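Take a look at the following structure, please.
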Amino acid sequence: MSVVPPVSSTAAVPAEMSSPPVESPAGELPLKVHDLTVAYHRQPVLWNLDCQVSSGSLVAIVGPNGAGKSTFLKAILDLVPRAAGEVEFFGRPYREVRQRVAYVPQRASVDWDFPVTAADVVAMGLYGKLGWFRPVTRQARRQALDALERVGLAEFAQRQIRQLSGGQQQRVFLARALVQEADLYLMDEPFAGVDAATERTIVQLLQTLRAVGKTGMVVHHDLQTVREYFSHVLLLNTRVIAAGPVETVFTEENLRRTYQGRLSLLDQVGHQLTLAERMPRS
């Protein structure tokens, strides 16, 4: 396992996230970002951001509110304009490999009153293969039902999405990502406002995907579960503060640099990190 040195908050350098359980052919990188800058009303939200992610990594994107975490995902997916920077997915522009990248947006950004069933939403993940405005085939519906079964919602397939709980809605969008059979999964706060059962389902699926060489990047807020859920971490606050394997990068010092001492939870997390470092590894 290679160790990436912490990235200075004043001069970002590429941060490679390696040590995957399964490698892509010829060292193919699921994501490579160079000099990414995004600004709203001339105010930088992301500044000179460099990073690259290797296949099989499960990466937590961590930082304070307003640090640019959600903007980062939207910018690399061309959902918001970039002031500067280059982004490659599997060595190519996003538009050329769109089907290999699945995106789960924040639940709060979705219009849940739209009149569609859970199965309809999941089937939308197949439009890249079926083509827009074409009827959904019987095979596609079967795939959608299988994906719903994987997230424990098969019995809710014909339920209107507005009738589902918050956790169930999140699982529907996870099923839509699964049915796409992507190689890279980008998730924006998938654990926000969900029940414990949904959180366990999401974590188990992410671990299963990683075991077969898939890659995940997840905007995550719960510092106390980063070590348990993820293999790598990207600490972000407008710039990359540090990035790399959780065991070497997710430290109290780096967290304080990222949050600039503004988070009272840091003391508790720092104590837990100290205890973890003292425990013998099996």
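The values are calculated or read from the model by the stated rules, or taken from the named source; none is laboratory data. Since we're looking at a predicted model, the values are computed, not measured. All Cβ positions, glycine included, derive from the backbone under ideal geometry; neighbour counts span all protein chains shown. In case anyone asks, the SASA skips ligands and DNA or RNA and just uses the protein heavy atoms, side chains included. Shrake-Rupley method; radii C 1.70, N 1.55, O 1.52, S 1.80 Å.
Which is modelled with pLDDT under 95 and part of a strand (DSSP E or B), of Val33, Val45? First the steps, then the outcome.
Numbers: Val33 fails: modelled with pLDDT under 95.
Sole residue among the options that is modelled with pLDDT under 95 and part of a strand (DSSP E or B): Val45.
Looking at Val179, Val233, can you tell me which residue is open to solvent by less than 20 Å² (accessible area, probe 1.4 Å) and either of a type in the set (Asp, Glu) or at pLDDT 95 or above (or both)? Write out each step before concluding.
Numbers: Val179 fails: either of a type in the set (Asp, Glu) or at pLDDT 95 or above (or both).
From the options Val179, Val233, the qualifying one is Val233.
Another one. For Gly216, all conditions in the list (1) open to solvent by less than 40 Å² (accessible area, probe 1.4 Å); (2) over 25 Å from Thr71 (Cβ atoms) hold save one; what is the number of the exception?
(2) is the only condition that Gly216 fails.
Same structure, new question: Looking at (1) touching a Lys or Arg at 6+ places or on another chain (Cβ under 9 Å); (2) touching a residue at least 24 places away in the same chain (Cβ under 8 Å), which one does Ala140 not meet, given that it meets all the others?
Here Ala140 clears every test but (2).
Taking only pairs six or more apart or across chains, which ones have beta-carbon atoms under 6 Å, a first residue in region 48-69 that is open to solvent by 10 Å² or more (accessible area, probe 1.4 Å), and a second residue that is basic (Lys, Arg)?
What qualifies is Gln52/Lys32.
Still on this structure, please answer the following. Tally up the residues in region 29-69 that are within 13 Å of the chain's Cα centre (by Cα), among the small types (Gly, Ala, Ser) and closer than 16 Å to Thr258 by Cα, please.
Total meeting the criteria: 1.
Restricting attention to region 70-117, which residues are in a strand (DSSP E or B), among the hydroxyl-bearing types (Ser, Thr, Tyr) and either modelled with pLDDT under 90 or open to solvent by 30 Å² or more (accessible area, probe 1.4 Å) (or both)?
Taking region 70-117 and keeping what is in a strand (DSSP E or B), we get 84-89, 92, 101-104, 117.
Filter once more, so that each one left must be among the hydroxyl-bearing types (Ser, Thr, Tyr): 103, 117.
Tyr103 - this is the single residue of region 70-117 that is in a strand (DSSP E or B), among the hydroxyl-bearing types (Ser, Thr, Tyr) and either modelled with pLDDT under 90 or open to solvent by 30 Å² or more (accessible area, probe 1.4 Å) (or both).
Exactly one condition in (1) closer than 25 Å to Val151 by Cβ; (2) small (Gly, Ala, Ser); (3) modelled with pLDDT of 95 or more is not met by Ala242; state its number.
(1)
Further, regarding this structure: Which number in (1) acidic (Asp, Glu); (2) modelled with pLDDT under 90; (3) within 29 Å of Glu28 (Cα to Cα) marks the one condition that Asp195 misses?
It fails just one condition, (3).
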